[in-house]
Amino acid sequence: MKKILILFFTLLSLSFTLPEKEVYKKGINFFKGTYKEALAKAKAENKPVFLDVYASWCGPCKKLKKTTFKDEAVGEYFNKNFICIAIDGETDEGNAILHKYNVRSYPTLIIADYEGNMRTKTTGFVKPRILINFGKRIVP
């Protein structure tokens with residue numbers, strides 16, 4: 001028990017001394033705001049938008065969030081090259097997205113330019129390397 005406590009406190013103290021980059025969350029950093037705000041940010045930064053359209057009850061959506069979206073390589077690529085946003089398709093804003101992009105299933109992953117014109121989309125769960133290749137269709 002004593003060894004476990006020592007290990008716990010050692011790890012706890014290290015968590016406060018690690019450089020910020022190592023403490024930084026791995027994976028995709030999703031924009032907090034509306035889709036319209038994400039488009040404005042994308043325009044200001046001259047980047048396309050990566051849009052995850054999901055539903056709270058959707059199993060493959062949950063798996064994407066727990067695995068692919070938390071992958072370090074996915075995060076590095078998408079955070080650098082896109083403004084990323086996730087929108088629940090069962091909200092008022094999400095309903096407008098469903099109609100605009102003809103979304104028929106969850107999850108639907110869309111890449112649009114900063115004016116909101118869809119460039120490409122795919123549906124269902126995808127593994128990290130597949131998602132990166134999906135993004136590279138637009139940003140090599």
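Numerical summary
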| read-out | value |
| --- | --- |
| Within region 90-140, considering residues that are among the acidic types (D, E) and more than 24 Å from E45 (Cα to Cα), the one surrounded by the fewest Cβ atoms within 10 Å (Cβ to Cβ) | D92 |
| Within region 27-55, tally of residues that are more than 15 Å from the chain's Cα centre (by Cα) and under 18 Å from E90 (Cα atoms) | 1 |
| Qualifying residue in region 114-135 (condition: free of Cβ contacts under 8 Å to residues at least 12 places away in the same chain, over 14 Å from L39 (Cα atoms), of a type in the set (A, V, I, L, M) and part of a helix (DSSP H, G or I)) | yes |
| In region 35-64, the residues that are assigned to a helix (DSSP H, G or I) and out of contact with any strand residue (DSSP E or B) (no Cβ under 8 Å at 6 or more places or on another chain) | K36, E37, A40, K43, A44, G59, P60, K62, K63 |
| Qualifying residue in region 94-101 (condition: of a type in the set (D, E, K, R), assigned to a helix (DSSP H, G or I) and farther than 24 Å from E37 by Cα) | no |
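Where a number appears in this text, it was derived from the coordinates with a stated rule and is not lab data. Owing to the predicted nature of the structure, the values given are computational and were not obtained by experimental measurement. So basically every Cβ, Gly included, is an ideal-geometry build from the backbone, and we count neighbours across all protein chains shown.
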